[in-house]
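Below is one structure; the comments refer to it alone.
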Amino acid sequence: MLSQSNTEAVMDKFIRDVVKQSRTNLTKKDKNVSKKLYNSINGQAKVTPKSLEAYFEMEQYGQFQDLGVKGKSSSIKEPNSPFKFGSGTGQKGGLTKGIENWVTARRFQFKDRQSGKFLSYKQTAFLITRSVYQKGIKATNFFTRPFELAFNKLPDELVEAYGLDIELFIKQTIKNGKKS
């Protein structure tokens with residue numbers, strides 16, 4: 001039976017590198033307020049004699065942070081995104097709830113122009129939500145970029161690792177053949 005230990009090691013390294021760099025990018029881009037998305041990024045590799053598979057998972061809103069979202073009335077921020085506000089496919093109230101949590105966690109409040117008093121967190125969240133809904137969310141590529149960089153390095157490393165696995169298999173076969 002062909003051992004796949006070298007190939008598995010390369011695939012595991014690929015997964016670890018993508019997860020680590022994605023988490024680093026979230027922190028560097030200041031998108032890591034609650035650490036919920038950061039902690040949810042995970043991956044797993046599966047190597048069989050006939051296939052190589054890599055699985056990645058994260059909170060659903062991670063896709064929106066990564067690829068951006070077109071706004072309801074304007075797609076200036078992210079014209080190439082597959083997602084769009086107002087399409088009717090998303091969770092109702094999800095954006096509002098998320099932004100309210102963000103505003104509260106950051107202790108962020110706008111001031112009223114006339115009175116100079118701070119608006120409530122709920123009022124501030126409403127203004128931000130309305131703007132985001134209309135204009136969209138710019139893509140961060142916090143996951144896409146590390147995945148593409150690691151994937152481009154992967155073929156050479158896989159060929160080498162698979163070659164080492166084949167070499168071990170041949171050596172074991174010859175060794176076992178001499179014993180009989």
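If you go through segment 56-80 and pick out every residue that is charged (D, E, K, R), modelled with pLDDT of 90 or more and more than 18 Å from GLY94 (Cβ to Cβ), you end up with 1.
GLU8 passes every criterion in (1) within 24 Å of ASP156 (Cβ to Cβ); (2) not in a helix (DSSP H, G or I) apart from (2). In the set (1) out of contact with any Phe, Trp or Tyr (no Cβ under 6 Å at 6 or more places or on another chain); (2) outside the structural domain of THR144 (by TED's automatic domain parsing), the condition left unmet by LEU119 is number (1).
The set of residues from segment 32-46 being in a helix (DSSP H, G or I) and surrounded by fewer than 15 Cβ atoms within 10 Å (Cβ to Cβ) comprises LYS36, ASN39, SER40. Of the set (1) within 18 Å of THR140 (Cβ to Cβ); (2) buried (at least 19 other Cβ atoms within 10 Å of the Cβ), all apply to ASN6 but (1).
Applying the criterion of at least 3 residues that are over 24 Å from the mean Cα position of the chain (by Cα) and loosely packed, with under 15 Cβ neighbours inside 10 Å to the helices (runs of 4 or more DSSP H) found wholly in segment 47-160 leaves 121-135.
The C-beta contact set for segment 102-116 (first residue on the phi < 0 side of the Ramachandran plot, second residue part of a strand (DSSP E or B) and aromatic (Phe, Trp, Tyr), distance under 7 angstrom, 6+ apart or interchain) comprises GLN109/PHE118; LYS111/PHE118.
Can you find even one residue in segment 14-31 that is touching an Asp or Glu at 6+ places or on another chain (Cβ under 6 Å) and assigned by TED's automatic domain parsing to the domain that holds GLU160? First the steps, then the outcome.
Initial filter on segment 14-31 (touching an Asp or Glu at 6+ places or on another chain (Cβ under 6 Å)): none.
Taking every residue of segment 14-31 in turn, none turns out to be touching an Asp or Glu at 6+ places or on another chain (Cβ under 6 Å) and assigned by TED's automatic domain parsing to the domain that holds GLU160.
The values are calculated or read from the model by the stated rules, or taken from the named source; none is laboratory data. Remember, predicted model here, so these are calculated numbers, not experimental data. Glycine also receives a Cβ, built like all others from the backbone with ideal geometry; neighbour counts cover every protein chain displayed.
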